[in-house]
Each structure stands twice: as C-alpha cells, then as structure tokens.
Amino acid sequence: MSEGARLLKCFGAAVQGIDAIIVTIEVSVVKKGYQFTMVGLPDAAVKESRERVSTVLLQCGFKLPHSKVVINMAPADVRKEGSAYDLPLAVGWLAGCGLIECDSPGSYVMMGELSLDGTLMPVRGALPMAIAARAAGFKGIILPEANASEAAVVNNLEVYGMRNLSEVLDLLCGRGSVEPLRVDTRAEFERAQAVFDLDFADVKGQDNVKRAFEVACAGGHNIILVGPPGSGKSMMSKRLPGIMPPLTLREALETTKIHSVAGKLRHGSRLLTHRPFRAPHHTISPVALVGGGTNPCPGEISLAHNGILFLDEFPEFPRTVLEVMRQPLEDRRISVSRARYAIDYPASFMLVASMNPCPCGYYNHPTRRCTCAPGAVQKYMGKISGPLLDRIDIQVEIQPVPFEKLSGMEAGESSEDIRQRVVRARAVQQARFAAEPQVNCNAQMTPRLLEKYARPDAEAMRVLKHAMHKYDMSARAYDRILKVARTIADLDGATEIGCGHMAEAVNYRMLDRSTWGAENASVPFS
C-alpha cells in the first residue's frame, strides 16, 4: 500500500429473504486529496449515510481530516439497502483516519442506524443477522439496545446492545466493562405461556362448528365457514389461537426470524411464543399478501407462517389477490421474482376463511327469506375459483344460534379443554412423522405418506368411493378427505381410519356438492 494510505475492514450484514449474509465494509483512506466514494451497490439510504455519519462524528468531537476516502461494500453484486450500515461505516471511517485505535473491529458484526446525536436506532432483521454472525465464526455482534434481546436468543455468540456510538467505541477500544447480554433460550421458551383473552367457553351452541375447528387445528387443515350475518363466524375464528398447539422451539425461531425481517417485533422482545394470527382487510393488494415490493419484505402469508391467516368476507377480496394463494397453499413457500431480485419466503399457514352464502346473506337461513335474484348465489360463490376452493379441506355451513341457547346461562366447553385434545392429536402426528423433518402435521402429508399412514378400512373406503362418485369430487379432494379422516382418527385415538371417521370427513366437503347453492340446500352425507 502506498505511503500515507490506510485500509481497514469492518463487518455488517445484509438481509436476503429471511436469512442474512455477512457484508465486508472496506475503508481506504489516503491523506492526499479530498474525495468520498462509496461502491458496492449501495442504495440511496446507504449513500445518504455520508452526511449523517459525518455530522454524528463532528457532534461526538471528532475532526475528520481532509483525505480521499473510498468505501467498498462486498460482496459487490448484492444490493445494500437501508440506514442500518451507519454504525460500521462510522467505525471504519474513524479507524481508517486514525482517529481511534482499536484492534478488534473485525471480531464483531455491527449494525445500527445513527441519529444526529449519536444515538443508535433499532434495525430490522437482528435475529437472522446474529445467526449469520455465529455461522461465520465472529466473536459477537453489536446492535442497538432495542434489538439486543432479539439477537441474544442465538447461543455461542456475544451480543452487545448499545445506546449510542460512544458506548460502541468504548467497547472496541477496550474502555469500560460492558457485559454481553445472555439469554437462556430454551428456559425462556419453556417458561413463556401464551395468554388468550378470547375463550370458546363464551360461545353458545355451534357445537358442530367447534368440532370442525378442533379437527382443523389438530391436523393443520384449511377451513371455510359459510353462514348468514351474525351467526358467529368471525367471533369463533378469533378464538382459534386459544386452541392451537404451542409452537416448538424450531418453529418459534423460524417465525421470529420472519417477523424480525418485517420489523413486526416489539422492541425488547425475544422469541415469539404463540402462533401468529393475521387478519388482513379485504382491500389488501397481491404484493402485500405474498411479499416483495420495492424493498423486499415478507407478506401476510409469510407473517402467518406456522400460524393462522384469517380472511373474513372471503368473496370481497379481489380475485387477483385470492388466486396468488393457490401455489403457496400447496408448496407452503412463496417465490417472489422481480427484475432486481428473487426471494423465497416460507408460507406454511392454516387458512381460515368466512363468508356469507349470498349477497343479501340469508340464503338457506331457517327463518329469514333470501332476497337475491335467481342465480345470485352461484354467481356470488363464483367469486371464489374452483381450484382455490378445492384446496380448503374443511367446508362448514353455519346456522344462527336459537334464542333458547343464546339466552341460556350454561357455558360452553373451554378453549383449554379443546386445546388439550388438539395437543394430544398433534403429539401422535409428531411421533408419526419423526423421520420427516418437513412434515409437522397431517395436512402436510405427501402422497407417499398418505399411502403409508392414511389407508382406510374396507367400509370406510366404500363410504369415500360413494361420495366421490355422488358429488363428482376431484383427486385433490380425495387426498384432502383422507388427511382430514386421519386427523379425526387421531383425535379418536384410533390407529386405522374407520367408517365414522370417513363419514365425518366427507361431510366437511359441503361446498363440493353440486346441489349446494341450488334451489334446495343439500343434506349431510350419511
């Protein structure tokens, strides 16, 4: 290197999808000349950091010398986005100019946005950054104080939560005695208990719908409720988190990573300990649902990963929005490809949808007359495509609760009681699929696993064959009926799918029947 030139390396991280890669920030300072150049595909926010960082350094009492500064951010073919590179750029600039003496900036990954008084502002994606730092063999990671708890769930890595630039410089230069934040991840996870304000004990009647929800949660099946206004569709759906099985530690880490990248974690939070419940409004756009955008971000289907995506007023969603879910419902992943990037996001969610049976809402109502024009029911249902409806395992028609039950004082079965049965059924499935790391529940079974674990007895097969011919169901419906029947058998503690299990599973394909929506409503299969 020529006389009077200094080269220093710091390290940051760039988030790609829900993972992160290490970014090397090389700072070259030559005393002769006056120029500032930043290369390595920085976006506008990163380029603006020059003015922000120089102002912060002046506020902290540093006088930057006149020199030629070249900053390279490698790998140079990965676009660097956002303001979180302020901290490593400031440290590299100071060390490159010889204004601080520190031997260890290369031992840490550093990320954080600087305000003009030197305060460190929170960043997105702290958890995947910490995971990448540990995988790359770094000693530790330095982050804003608000992100430290989130990153500290990664073991075998020193995590420092700093309030301002001065504290970071004291650590790097060996001044002070800052201790890394330590979290016993497993103990924290096992100690955390999700508390739910809504309970199924408050629901009067609707035993058949509660049973359908129990089956759906036990096997991770998609479910749709069809019924008139005020029958309790939304009210019961919002109580679903209370009967879902608890997250495993692996699921909690994966779910937390997604919410971290999306900036949805509360400051100071650690692991998510309950399954997400996402309920977007029907005016949502396709990009907001599946993810992507100018600055790539997970969409609602990824934020609902390992949890529930609730779509109320299902037919009111634009068809273009609903149709983008067809592939993720099968693959449980979403691939977002744009001109500048291609990203995969996980999207293994349980779809819960609710809708009215017709525009006026009272088709097939026991006491009120439907005022819709002829053909309106079929047209309204036609807003949901056949391929999408075919991917919904459980389809339930719900009727209003009679006054006698509504005014009764008897409480319904509690969410905790239902949840215990769901947890027992999931435990059976976890033992069954112990050798299948990508399969957690019956809804995720592949054709090979269906053949192995969901073979009905002769009488049950006769019931299924009769239903397939009578209602002209698809091959996909065949597979999904078998999956639901397997879940019902698990709830019943049965090793084999019997006739009763199969009949109940067939009854849950209410919208597959060609007679539904015609002048006369269909009757349950028996």
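As an exercise: evaluate VAL154 against (1) part of a loop (DSSP other than H, G, I, E, B); (2) surrounded by fewer than 20 Cβ atoms within 10 Å (Cβ to Cβ); (3) not acidic (Asp, Glu) and give the number of the one condition it does not meet.
Of (1) part of a loop (DSSP other than H, G, I, E, B); (2) surrounded by fewer than 20 Cβ atoms within 10 Å (Cβ to Cβ); (3) not acidic (Asp, Glu), only one is false for VAL154: (2).
Within segment 317-360, track down each residue that is part of a helix (DSSP H, G or I) and either touching a Lys or Arg at 6+ places or on another chain (Cβ under 8 Å) or touching a residue at least 60 places away in the same chain (Cβ under 8 Å) (or both).
Those that are part of a helix (DSSP H, G or I) and either touching a Lys or Arg at 6+ places or on another chain (Cβ under 8 Å) or touching a residue at least 60 places away in the same chain (Cβ under 8 Å) (or both): ARG319, LEU322, GLU323, ARG326, LEU329, GLU330.
Could you please give the count of residues in segment 388-422 that are among the hydroxyl-bearing types (Ser, Thr, Tyr) and either at pLDDT 90 or above or assigned by TED's automatic domain parsing to the domain that holds GLY493 (or both)?
2
In this structure, does THR24 turn out to be modelled with pLDDT of 90 or more, hydroxyl-bearing (Ser, Thr, Tyr) and within 24 Å of ALA133 (Cβ to Cβ)?
Numbers: modelled with pLDDT of 90 or more: yes; hydroxyl-bearing (Ser, Thr, Tyr): yes; within 24 Å of ALA133 (Cβ to Cβ): yes.
In short, yes.
Would you be able to tell me the number of residues in segment 324-347 that are within 15 Å of GLY307 (Cβ to Cβ) and aromatic (Phe, Trp, Tyr)?
1
So TRP93 clears everything in (1) modelled with pLDDT of 90 or more; (2) in a loop (DSSP other than H, G, I, E, B) except one condition, right? Which one?
(2)
Which of the residues belonging to segment 423-439 are assigned to a loop (DSSP other than H, G, I, E, B) and of a type in the set (Gly, Ala, Ser)?
ALA434, ALA435
If you take the residues in segment 446-463 that are in contact with a helix residue (DSSP H, G or I) (Cβ under 7 Å, 6 or more places away or on another chain) and under 12 Å from ILE481 (Cα atoms), which one is surrounded by the fewest Cβ atoms within 10 Å (Cβ to Cβ)?
My answer is LEU450.
Quick one: is GLY82 at pLDDT below 90, in contact with a strand residue (DSSP E or B) (Cβ under 9 Å, 6 or more places away or on another chain) and within 30 Å of LEU249 (Cβ to Cβ)? Walk me through how you get there before you give the answer.
On the way: at pLDDT below 90: yes; in contact with a strand residue (DSSP E or B) (Cβ under 9 Å, 6 or more places away or on another chain): yes; within 30 Å of LEU249 (Cβ to Cβ): yes.
Yes.
Please tell me if ASP331 is closer than 30 Å to VAL287 by Cα and surrounded by fewer than 19 Cβ atoms within 10 Å (Cβ to Cβ).
Criteria met by ASP331.
Read through the list (1) modelled with pLDDT of 95 or more; (2) surrounded by fewer than 16 Cβ atoms within 10 Å (Cβ to Cβ); (3) aliphatic (A, V, I, L, M), then give the number of the only condition that LEU249 fails.
(1)
Scan segment 225-248 residue by residue and report those that are part of a loop (DSSP other than H, G, I, E, B) and among the basic types (Lys, Arg).
LYS238, ARG239
Of all residues in segment 98-131, which are among the hydroxyl-bearing types (Ser, Thr, Tyr) and in a loop (DSSP other than H, G, I, E, B)?
Residues of segment 98-131 among the hydroxyl-bearing types (Ser, Thr, Tyr): 104, 107-108, 115, 119.
Passing the criteria: SER104, SER115.
Among MET236, MET244, which is within 20 Å of the chain's Cα centre (by Cα) and either modelled with pLDDT of 90 or more or surrounded by 22 or more Cβ atoms within 10 Å (Cβ to Cβ) (or both)?
Result of the check over MET236, MET244: MET244.
Surrounded by fewer than 18 Cβ atoms within 10 Å (Cβ to Cβ), outside any helix (DSSP H, G or I), touching a residue at least 60 places away in the same chain (Cβ under 8 Å) and touching a helix residue (DSSP H, G or I) at 6+ places or on another chain (Cβ under 9 Å), is that true of GLY263?
Working: surrounded by fewer than 18 Cβ atoms within 10 Å (Cβ to Cβ): yes; outside any helix (DSSP H, G or I): yes; touching a residue at least 60 places away in the same chain (Cβ under 8 Å): yes; touching a helix residue (DSSP H, G or I) at 6+ places or on another chain (Cβ under 9 Å): no.
So GLY263 fails the test.
Would you mention how many residues in segment 25-60 are part of a strand (DSSP E or B) and surrounded by fewer than 16 Cβ atoms within 10 Å (Cβ to Cβ)?
Summing the residues that are part of a strand (DSSP E or B) and surrounded by fewer than 16 Cβ atoms within 10 Å (Cβ to Cβ) in segment 25-60 gives 4.
Scan segment 478-526 for residues that are at pLDDT below 70 and either in the same structural domain as GLN395 (by TED's automatic domain parsing) or at positive phi (or both) and jot them down. Quick ask: steps written out before the conclusion?
Step one: filter segment 478-526 for residues at pLDDT below 70, giving 512-526.
Residue satisfying the conditions is GLY517 alone.
Among the residues of segment 280-290, is there at least one that is under 25 Å from ASP199 (Cα atoms), outside the structural domain of ILE131 (by TED's automatic domain parsing), crowded, with 17+ Cβ neighbours inside 10 Å and not acidic (Asp, Glu)?
yes
The values are calculated or read from the model by the stated rules, or taken from the named source; none is laboratory data. Fair warning: this is a prediction, and the values are worked out from it, not measured in the lab. All Cβ positions, glycine included, derive from the backbone under ideal geometry; neighbour counts span all protein chains shown.
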